[in-house]
Each structure stands twice: as structure tokens, then as C-alpha cells.
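Asker: Below you'll find the structure I mean.
The values are calculated or read from the model by the stated rules, or taken from the named source; none is laboratory data. Just so it is clear, the structure is predicted and the values come from calculations on it, not from any experiment. Quick reminder, even Gly has a Cβ in these numbers, built from the backbone with ideal geometry, and neighbours come from all protein chains shown. When the accessible area is computed, the model is the full protein with side chains, heavy atoms only, and any ligands, DNA or RNA have been set aside. Shrake-Rupley method; radii C 1.70, N 1.55, O 1.52, S 1.80 Å.
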Amino acid sequence: MPVFIRRAEDVDRLAWGPHCHHNLAVYLTRKEVRALGRPAVVAMGCTARAVVVLLQEGQIKREDVEIIGMACEGMGDPVFRKCLTCDVRTPKEYDVLVGDEIGPAEGEAEDPEKERLDAAGPDERWRFWQEVFTRCIRCYACRAACPMCYCERCIVEKNQPQWVASAPEAKGNLNWNITRAMHLAGRCVECEACERSCPVDIPLMLLNREVTRIVEDSFDYRAGYDKDAKPAMIDYNSGDKAEFIR
Amino acid sequence: MVKAVQETKNADLFDAMRKEGRRVVAPVEVSEGLVLFRPVVSGSRLRPEVLRTRRSIKEFFFPMTETLFEFDHGGEAVDLQSPEPDVPETVIWGCRPCDAQSLTLLDRVFGDEHRDEPYFARRERTTIVTAACEKPDEFCFCTSVGGSPVSEEGSDVILLRQSDGRLQAKALTDKGKALMEEFSSFFEDAGSDLAPAPEVPERFKPAEIKTRVDAPGFFDGQVWEDVALACMGCGTCAYVCPTCHCFDIVDEGGLVDGRRIKNWDACGFGLFTKEAAGHNPRATQPARYRQRVMHKFSYIPTRYELLGCVGCGRCSVHCPGCIDIAAVVDVLGRAEAAK
């Protein structure tokens, strides 16, 4: 499990292996972790991308975090599908790198569920998502595990007015999950911590990957690669394509 | 009453029960690898062999969401409507002894000082048929919290593996006996001895844990930060847990009408104890995680003389931060008293 080492003599508690799939950037915005002092975060590529997004969004200053980059050939046993096509096996941002630099993965990953949804029409996709989200139990594990969900007061916690119905029922569930996907547009680093944490196996990444693809196609932007880049959904650029305006 | 039942006939037995108006709830595969207790319908993929469903049986007595009443104050007087209770006669078939044991605590929580009538209406109309465990795994720790893979507590019928491969069905209550009599064509003579019960190694003694966590100064100790910084503050552990029972009551609706709803809640959420003026008595995640452990292993034992944990392991399996509650309790038991 994720550990927080504060004394040099505890360093043997650290581990590294295929079970270390957590995106530890999620802890960088937690106040009880910040209270411990300047953090060094063990960061494989996807984790480092999340740290970059936090830097871009002003949640942490570069000098206030030490990034221990980890060369990573893939997490999970069997290895996660996303790792087969990873292009950040050497993190893009780090202070020190553990392990030799590795180039991008050269595998191919079949994604039959996404292909099926991509080929289906909007009505069928809508039915699919309505049906899938009926089993959401509003545990908010997706939100808790996501490094990009750092709002001190999430939209579902507001009740003047109640933006999202609180009950784990179809209407509120659909609202919650789509709202979260939209709030991640241009910010999601595809670490998949959300899908992995869902206790009812909702295929959240099918939606997050699609939103990511739309942002990439529309704005030629992917989150977390360049800390000096301006995030697509925050920045106005007069060169932005305007084909979606019809 | 002791009989035997053939697992291969489960689908037919459930059909027969449904024809007699019962709702049969059993472990059903909802999507690949996801097995939940669901009402059985024709075509349900029954998965009785799965050790642990994702969630417990508590939602059939304490629903995830429940409308308490509807209100409308658009007219001259406030109009209140209680929803018609919809409580079918139900058989839960194939929960585990840890699931059934949770009902002993939930009955006290929902019955002691104020009786939650809808809860007890569901309890009265439900027969619990528990399947004893044959292959506990490394997350199970029922034997550390007063349970066992073959415990009969909370059940109306228990199913135990016989050495001839059939399941022995032992009625434990009048309700269980009545069910077996009503569907007697599916219950054969038992006539075989039982397969040996599996072992679940004991990991800690709850009385010792309680003494340790109740010791002066332990509450404010550093150990809580050590064990709980990884907690991300979701509600997964509380929601998959058979004994967690906290809820939130909200009014939602339009300008003049709406409903009062009781929803599951979790002490891990930051909002759980946040007060209207903005103060939060459990302001950090370690303080919130401490509440979970103290509630289960100290406060509930003090109040009810029962444990607040049945050792099912679900929270440990599903925690996004990989927190294993049995490991945490073990660390607490070995921690120095006050630091």
C-alpha cells in the first residue's frame, strides 16, 4: 500500500513492483500530507503526468515537490492493457530517475469494447451509459483516487442548489459520472486509477478515453506532457480549430 | 430438520420459489467478474461458488436509498405522503456466515432505541439461507471477530458441504424449517457426513485490541497517521461492508415539492462531520479513518457488546489505497500505548 516515509531508517518499507499501480500524485493535494513537509513523490510516467497537470493548474509549485521518476515497464500482473501502448515509460518530468531510460512501448492493445461503442450510434451509446451507471453506488472512489479531483468542495457536495441528486439512482448517477468526465476534459492523464478503484467495475475509461480523444483531435493537446504548455480547456488560442461551431 | 439439496437444481428450486411469489436473491454475475446479490430472473447467471460477492446482504434490509416521505407545500396545508412499502416475501440464498452475522448488529442498531419499521418489515419477510464457506482466502478473518466459515449465527438455514458432494441443509429457525417444508420436493434425505470445515487462522484478539485503543492517550497517538495517510476518503469500505450502517438524510426536490431521502453515508467522506459553521471535528483523513476503526472495535463493543466487524475482508479487497483492516488492527495491537 502507499507509504509515507518521514525517517531515513524507514526507507526499507518502500517497495516497487507490478502491484505499485497507484497514482501517488493524488496525495500531493491532501492537506494532511502537505502538513508533513516538502514531499518527494515516487512517480512512474502516468503519475508524473498527473504532477505536471497539478503544476499547470497551480496546485503545487515545482520547487515544492521532488519527483523521483521511475522507469516503468508496466503495472499489474498480468500487465495492464494501457501499459502496452505507454509512451511515458520514462517519465517526462522528474528530479531524479530510478532505472535506465526506456522508450515508448511498442505493443498494440485491442480495445473491443471501445471499438464497439465507437461504431455504435449515439442512441445506443446513450442507452449503454444509462444502463451502466445504474449500478453506480456513489462511493466516489473514482473521485478519491483521481489526482485531478482535488476540489475542496466537490459539486456533489453542494446543496444550494443541489446540482446533482444525491441518491444512488439512475438520474443522479448519470449526472455525476458524466459531470466528472466533463470536468476531466483535457486534464485526464489516463492513469486509470478511477476504473481500478470502482467497486462495481464500471468501465469509466471508455468514457474518459473518448473525451481525451476529442480534446486531442480538437486542440492537439494531451494533458501532463509539458508543464509549460497551456491546458486546452483553460487557454484561448486564436489558432484553435472552430469546426465544431456549426 | 436436516436434509440435503443438490446445487445443480438451484435454478429449478429458485423457479419454484418464484412461482410461489417469493423474490429469490442469490449471487448473480452482473458482468464478467462482478458478482452481486440480485433478484434471480430467468437467465440469471448464478454463481454460488464465488467466495465473496462485491457487497453484502445489508442492502436488502437497509437500502442504499430510501424515500421516507414525499411532501408538497404548494397548497394550503403541507401534504405528506409516505411511500407504500414494497416488501416482497424474500429468500436470500447463498450468503456467507459473515454476511448473516452482520444482521445481529444491524437488528440492534435499527431496533434498540427507535424501531425502524421498514427495516424490520424486510427482516420479517426474508428467509436467510447461508452457504458455509469452503475456500476462505487471505483477506478473510471471521475467526478473529467471533465468526467462522460454518457459523450459524443470523441464519434461518445453513448449507454445509457433505462428503458426498451434496449440500446439507440444516434448518436453524422456524422460518427456515417452513421454507424447507414448503419446497420439500427439492430437499432429500441427508444421509452423509460433512466435509471438514476449512480453517481461517486467527489474526488478533478483539478484546486486546479494544484495551489497546481505549488506553488513555492512544486516541491522539501518531499511529493513526501511520496507518491511515493512504486513505483517500471514499466510501467504498463503508458501502461494501456488511455492518456499516451510517446514513444521511436529505430533502431534495423542487420549489414546493420533494421528498425526504435516507441515503447510505460513510465516515470516510470529508463532509461526514462537517458542521454548518464550517468546523469539522474530524478534519483530517487519519482522524476519519480512526473513527472507522474505533467504531467497529471499541464504540460498538461498548454499546452493544457485539463487534462492529464480521471479518469478511471486502473493505481490504476493494480499498483504492490498499488498506487492509486486519493488518491495521494488528499494527494497532502492537503499537506503543501513547506516542
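Asker: Just one of B:266, B:197, B:190 is open to solvent by less than 10 Å² (accessible area, probe 1.4 Å) and in contact (Cβ under 8 Å) with a residue 24 or more places away in the chain; which is it?
Answerer: B:266
Yes/no matrix, rows are residues, columns are (1) out of contact with any helix residue (DSSP H, G or I) (no Cβ under 6 Å at 6 or more places or on another chain); (2) within 14 Å of chain A (Cβ to nearest Cβ); (3) closer than 24 Å to residue B:124 by Cβ; (4) among the acidic types (Asp, Glu):
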site	(1), (2), (3), (4)
B:2	yes, no, no, no
B:17	yes, no, yes, no
B:22	yes, no, yes, no
B:27	yes, no, yes, no
B:30	yes, yes, no, no
B:52	yes, yes, no, no
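Asker: Test residue B:129 against the criterion of being surrounded by fewer than 22 Cβ atoms within 10 Å (Cβ to Cβ), hydrophobic (A, V, I, L, M, F, W, C) and either on the phi > 0 side of the Ramachandran plot or in contact (Cβ under 8 Å) with a residue 24 or more places away in the chain (or both), and give yes or no.
Answerer: The answer is no for residue B:129.
Asker: If you check residue A:66 against the conditions, is it among the acidic types (Asp, Glu), exposed (fewer than 13 other Cβ atoms within 10 Å of the Cβ) and more than 14 Å from chain B (Cβ to nearest Cβ)?
Answerer: Judged against the criteria, residue A:66 is not a match.
Asker: Related question: Suppose we filter B:326, B:335 for residues that are within 14 Å of chain A (Cβ to nearest Cβ), among the small types (Gly, Ala, Ser), touching a helix residue (DSSP H, G or I) at 6+ places or on another chain (Cβ under 8 Å) and open to solvent by less than 40 Å² (accessible area, probe 1.4 Å); which single one remains?
Answerer: Sole residue among the options that is within 14 Å of chain A (Cβ to nearest Cβ), among the small types (Gly, Ala, Ser), touching a helix residue (DSSP H, G or I) at 6+ places or on another chain (Cβ under 8 Å) and open to solvent by less than 40 Å² (accessible area, probe 1.4 Å): B:326.
Asker: Here's something else I'd like to know. Quick check: anything in the range B:147-159 in contact with a Lys or Arg (Cβ under 6 Å, 6 or more places away or on another chain), open to solvent by 70 Å² or more (accessible area, probe 1.4 Å) and assigned to a loop (DSSP other than H, G, I, E, B)?
Answerer: no
Asker: Please go through the range A:1-23 and pick out each residue that is touching a residue at least 60 places away in the same chain (Cβ under 8 Å) and either facing chain B (nearest Cβ under 10 Å) or within 26 Å of residue A:61 (Cβ to Cβ) (or both).
Answerer: A:21, A:22, A:23
Asker: With (1) of a type in the set (Asp, Glu); (2) at pLDDT 95 or above; (3) farther than 23 Å from residue B:38 by Cα as the list, and residue B:107 as the residue in question, which single condition is left unmet?
Answerer: (3)
Asker: Shifting gears a bit: Return the residue satisfying two criteria in turn: it lies in the range B:32-45 and is β-branched (Val, Ile, Thr) and open to solvent by less than 30 Å² (accessible area, probe 1.4 Å), and of such residues it is farthest from the other protein chains (Cβ to nearest Cβ).
Answerer: B:40
Asker: If you don't mind, there's one more thing I want to ask. Which condition from (1) more than 14 Å from every other protein chain (Cβ to nearest Cβ); (2) under 20 Å from the mean Cα position of the chain (by Cα) is the one that residue A:75 breaks?
Answerer: (1)
Asker: Given the structure, is residue B:48 open to solvent by 40 Å² or more (accessible area, probe 1.4 Å) and within 21 Å of residue B:240 (Cα to Cα)?
Answerer: Judged against the criteria, residue B:48 is a match.
Asker: Any idea which residue in the range A:26-42 is nearest to the other protein chains (Cβ to nearest Cβ), counting only those that are aliphatic (A, V, I, L, M) and closer than 21 Å to residue A:186 by Cβ?
Answerer: Top of the filtered list is A:26.
Asker: Now, a different point. Mind counting the residues in the range A:152-170 that are over 26 Å from residue A:59 (Cα atoms) and either surrounded by 15 or more Cβ atoms within 10 Å (Cβ to Cβ) or within 11 Å of chain B (Cβ to nearest Cβ) (or both)?
Answerer: 8
Asker: Among the numbered criteria (1) surrounded by fewer than 19 Cβ atoms within 10 Å (Cβ to Cβ); (2) more than 14 Å from chain A (Cβ to nearest Cβ); (3) in contact (Cβ under 8 Å) with a residue 60 or more places away in the chain, which one does residue B:81 miss?
Answerer: Only one criterion is unmet by residue B:81, namely (3).
Asker: Which one of the conditions (1) under 28 Å from residue A:195 (Cβ atoms); (2) in contact (Cβ under 8 Å) with a residue 40 or more places away in the chain; (3) open to solvent by 50 Å² or more (accessible area, probe 1.4 Å) does residue B:70 fail to meet, given that it meets all the rest?
Answerer: Only one criterion in (1) under 28 Å from residue A:195 (Cβ atoms); (2) in contact (Cβ under 8 Å) with a residue 40 or more places away in the chain; (3) open to solvent by 50 Å² or more (accessible area, probe 1.4 Å) is unmet by residue B:70, namely (1).
Asker: Right, residue A:158: at pLDDT below 95 and more than 18 Å from the chain's Cα centre (by Cα) or not?
Answerer: yes
Asker: Name the single residue, out of those in the range A:210-229 being open to solvent by 50 Å² or more (accessible area, probe 1.4 Å) and in contact with a helix residue (DSSP H, G or I) (Cβ under 8 Å, 6 or more places away or on another chain), that is farthest from residue A:87 (Cα to Cα).
Answerer: If we take residues in the range A:210-229 being open to solvent by 50 Å² or more (accessible area, probe 1.4 Å) and in contact with a helix residue (DSSP H, G or I) (Cβ under 8 Å, 6 or more places away or on another chain), then A:227 is farthest from residue A:87 (Cα to Cα).
Asker: Looking only at residues in the range B:248-293 that are within 27 Å of the chain's Cα centre (by Cα) and of a type in the set (Asp, Glu), which one is nearest to residue A:145 (Cα to Cα)?
Answerer: Per the criteria, the residue is B:265.
Asker: Still on this model: Which of the residues spanning the range B:269-285 are in contact with a helix residue (DSSP H, G or I) (Cβ under 6 Å, 6 or more places away or on another chain), open to solvent by less than 60 Å² (accessible area, probe 1.4 Å) and not charged (D, E, K, R)?
Answerer: B:284, B:285
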